[in-house]
1. Residue 172 label point, 7 Å along Cα→Cβ, cut-off 14 Å on backbone N: hits in segment 293-324?
2. Report Rg(Cα)/(2.2 N^0.38 Å) for segment 20-85, keeping two decimals.
3. Nearest 0.05, what FRET efficiency do residue 70 and residue 356 give at R0 = 45 Å with Cβ-Cβ as r?
4. When a/c is below 1.5 the answer is rounded, else prolate if a/b is larger than b/c, else oblate, so apply that to segment 257-415 with a ≥ b ≥ c taken from the square roots of the Cα gyration tensor eigenvalues.
5. Starting from the Cα of residue 44, move 7 Å in the Cα-to-Cβ direction to define the label point; list residues of segment 50-72 whose amide nitrogen is under 16 Å from there.
6. Please work out, to two decimal places, the log10 of the ratio I(q)/I(0) at q = 0.10 Å⁻¹ from a Debye calculation in which every Cα of segment 344-422 carries one identical scatterer.
7. Over the Cα atoms of segment 22-163, what Rg and Dmax result, in angstrom?
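Each reported figure results from applying straightforward, stated rules to the coordinates on display, with no laboratory input. The shown structure was predicted, so the numbers you read here are calculated from the model rather than taken from an experiment. Glycine also receives a Cβ, built like all others from the backbone with ideal geometry; neighbour counts cover every protein chain displayed.
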């Protein structure tokens, strides 16, 4: 059998005990006044002075009973009698919930009230002072590093590799190759700027050729018939070949107007023109990009990059001299110092925080009020009565005690006046 949840009274034995003690005291005081009345009434003919005690006890009983009735009528029918205007709280439970919800919404969650409260709080400064404590920066950095291993282990490596590849592929496919190559070519060709590049390439080629002259002579000798070797014809051929290449490279390097260089310029311009306008070139570039992004070497490279990053992060996170920890601490200290010294930044941050919190509260205040109203509505009447009685019942017992005491003094005063005047 399923056990019912504890009632509010059972859930707070401390309050329940205090309430019962005060209720018992108020009842005992009323009973004491009743006993005093009976005793004094019985012996009053023999001892007329007891009339004052009787009057005090009689009025105290009236006051105590009246206040008992009033307090009891809030929560239930006195003596179980369904008298009008009794059991006020159980009968008006839903209305109490609605009024409570409206009261909270109007007096606590209204935008002007929330805005006024938030305007007096410098969130950014408080946060900056909190963050400026070095120990906090170290704690945050350590918490971050402690979280890193579990985060990395939770990440699927295949998902990361796919993510990296998809993003790189998207960037490569999104490159307008004709536009990029054409812009670079136009920049180089403008004012013959490319001539410096061509000259440098020719000089590098001449240097490379100079370094390989012995190899060229050896290859010519190996390719020449033995009879020509005897006549040293192979050396003349290799020397002449080398001299022609040297002269050609020198002429090309020193003469920007050389026919071959101008032909090269024309070829570049023609290439750029075709690149921008030819569908065939565009299709070739797109096919080249597609082969690049789908090449296994690229996928392997990205996988290795992620693996190396992951290994480094895991190793650094457990190192006593962690680079990441030091950088996080520096970043936190920088943020704190920046907020402490930059009033404009603090004001911007405060404005954003206030606006965000105000929008959050304003957007939810009707829902909060509805939650209060619906929660009270779904409570049964006995639960609401017990909860309210537990919270305020102890104080209400003072009403009964005061009624008993004050009633008694009023009765004594009236009896005294009656004896003196009549």
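1. 293-303
2. Working: Rg = 14.6 Å, N = 66, 2.2 N^0.38 = 10.8 Å.
With N residues counted in segment 20-85, Rg over 2.2 N^0.38 Å equals 1.35.
3. 0.40
4. Details: a/c = 3.62, a/b = 3.13, b/c = 1.16.
It comes out prolate by the Cα gyration axes.
5. Counting backbone N atoms under 16 Å from the label point, the list is 50-63.
6. -0.63
7. Gyration radius and largest Cα-Cα distance of segment 22-163: 33.7, 108 Å.
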